[in-house]
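Student: Below: one structure in structure tokens.
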Amino acid sequence: DEMKWQIASLREQGCGGIFAICEVFDDGAPDKFLSEWWWNVVRDLAQACAREEMDFWVYDDEDWPSGSIGGQLMEGHPERNWKYLKSTERVLQGPGEVEEELDESSLVAVTAFRMDGRKVIEDSLQDLTGTVHGGLLRWQVPEGSWTLAAYSAHPGKGFFIDTYGDLMDREAMKAFVDQVYQGHLDRIQDIQSLKFVGYFTDEPAMSLSMIEWGERFD
């Protein structure tokens with residue numbers, strides 16, 4: 001009743017539409033995004049907007065940023081979590097042989113190169129990824145000073161939750177679209193005269209690990 005009154009009041013004051021958002025921070029909403037409670041709220045709001053001839057929009061996540069369904073996207077699917085590329089470097093003096101133990105489960109690439117001050121000498125760059133076998137790298141270091149760099153992918157934390165969707169992963173984002181976008185459409189598309197305009201997305205982030213935030217990101 002309160003929502004119906006608010007929407008009618010907004011219409012009387014000249015507002016053209018509303019955005020539905022599930023704000024859980026600070027005990028705002030009593031339940032989670034995409035819960036049965038939320039679907040009831042969405043349908044009640046959409047029906048009220050149809051009666052008042054107002055535009056209806058949906059914000060596509062719980063709190064923010066968009067891309068995690070409030071952490072639900074990764075429940076049972078840890079592979080959907082975003083990952084950052086971590087570099088571990090070691091300076092070697094050649095000639096000689098080096099053995100390096102590496103975790104192949106997270107390994108992306110291993111390279112070796114020489115430096116001119118702070119600049120990589122491009123012609124020296126060598127891709128050693130294919131030489132890693134059984135978690136062990138063996139390499140004959142040429143003469144001179146060389147940097148051995150191993151790059152590995154690790155899951156990162158979100159802004160306010162410990163999981164966040166991998167925006168560059170096709171399967172993760174398909175699940176996001178199916179659960180959120182299609183989920184809302186399925187529940188309101190039968191409402192007559194509803195002007196369902198679309199979705200608002202808020203600050204989907206691809207650079208979380210670059211934020212200096214205490215111990216949260218390394």
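Student: So is Leu137 surrounded by 13 or more Cβ atoms within 10 Å (Cβ to Cβ) and either acidic (Asp, Glu) or in a strand (DSSP E or B) (or both) or not?
Tutor: On the way: surrounded by 13 or more Cβ atoms within 10 Å (Cβ to Cβ): yes; either acidic (Asp, Glu) or in a strand (DSSP E or B) (or both): yes.
Judged against the criteria, Leu137 is a match.
Student: Please find, within segment 53-102, the residue that is least open to solvent (accessible area, probe 1.4 Å) out of those that are of a type in the set (Gly, Ala, Ser) and farther than 22 Å from Asp27 by Cβ.
Tutor: Taking segment 53-102 first, the residues of a type in the set (Gly, Ala, Ser) are 66-68, 70-71, 76, 87, 94, 96.
Narrowing further to those that are farther than 22 Å from Asp27 by Cβ: 67, 76, 87, 94, 96.
Details: Gly67: 3, Gly76: 74, Ser87: 58, Gly94: 19, Gly96: 29 Å².
Among them, the one singled out is Gly67.
Student: Looking at (1) farther than 30 Å from Asp26 by Cβ; (2) charged (D, E, K, R); (3) out of contact with any Pro (no Cβ under 6 Å at 6 or more places or on another chain), can you tell me which one Glu143 breaks?
Tutor: (3)
Student: When residues of segment 30-44 are filtered for being among the charged types (D, E, K, R) and crowded, with 16+ Cβ neighbours inside 10 Å, how many remain?
Tutor: The initial filter retains those residues of segment 30-44 that are among the charged types (D, E, K, R), namely 31-32, 36, 43-44.
Within this subset, residues satisfying the condition of being crowded, with 16+ Cβ neighbours inside 10 Å are 32.
Number of matching residues: 1.
Residue-by-condition table, conditions (1) surrounded by 12 or more Cβ atoms within 10 Å (Cβ to Cβ); (2) touching a residue at least 24 places away in the same chain (Cβ under 8 Å); (3) part of a strand (DSSP E or B):
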| site | (1), (2), (3) |
| --- | --- |
| Val141 | yes, yes, yes |
| Ser145 | no, yes, yes |
| Met168 | no, yes, no |
| Ala175 | yes, yes, no |
| Gln179 | yes, yes, no |
| Gly198 | no, yes, yes |
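Student: How many of the residues in segment 4-22 are open to solvent by 70 Å² or more (accessible area, probe 1.4 Å) and not β-branched (Val, Ile, Thr)? It would help to see each step written out before you state the result.
Tutor: The initial filter retains those residues of segment 4-22 that are open to solvent by 70 Å² or more (accessible area, probe 1.4 Å), namely 4-6, 11-13, 19, 21.
Keeping just the survivors that are not β-branched (Val, Ile, Thr) gives 4-6, 11-13, 19.
Total meeting the criteria: 7.
Student: Which residues, taken from segment 109-120, are more than 23 Å from Pro95 (Cβ to Cβ) and open to solvent by 80 Å² or more (accessible area, probe 1.4 Å)?
Tutor: Across segment 109-120, the qualifying residues are Arg118, Lys119.
The values are calculated or read from the model by the stated rules, or taken from the named source; none is laboratory data. Values in this document were obtained by computation on a predicted structure and should not be read as measured data. Don't worry about glycine lacking a Cβ; one is built from the backbone with ideal geometry, like all the others, and counts go over all protein chains shown. In case anyone asks, the SASA skips ligands and DNA or RNA and just uses the protein heavy atoms, side chains included. Shrake-Rupley method; radii C 1.70, N 1.55, O 1.52, S 1.80 Å.
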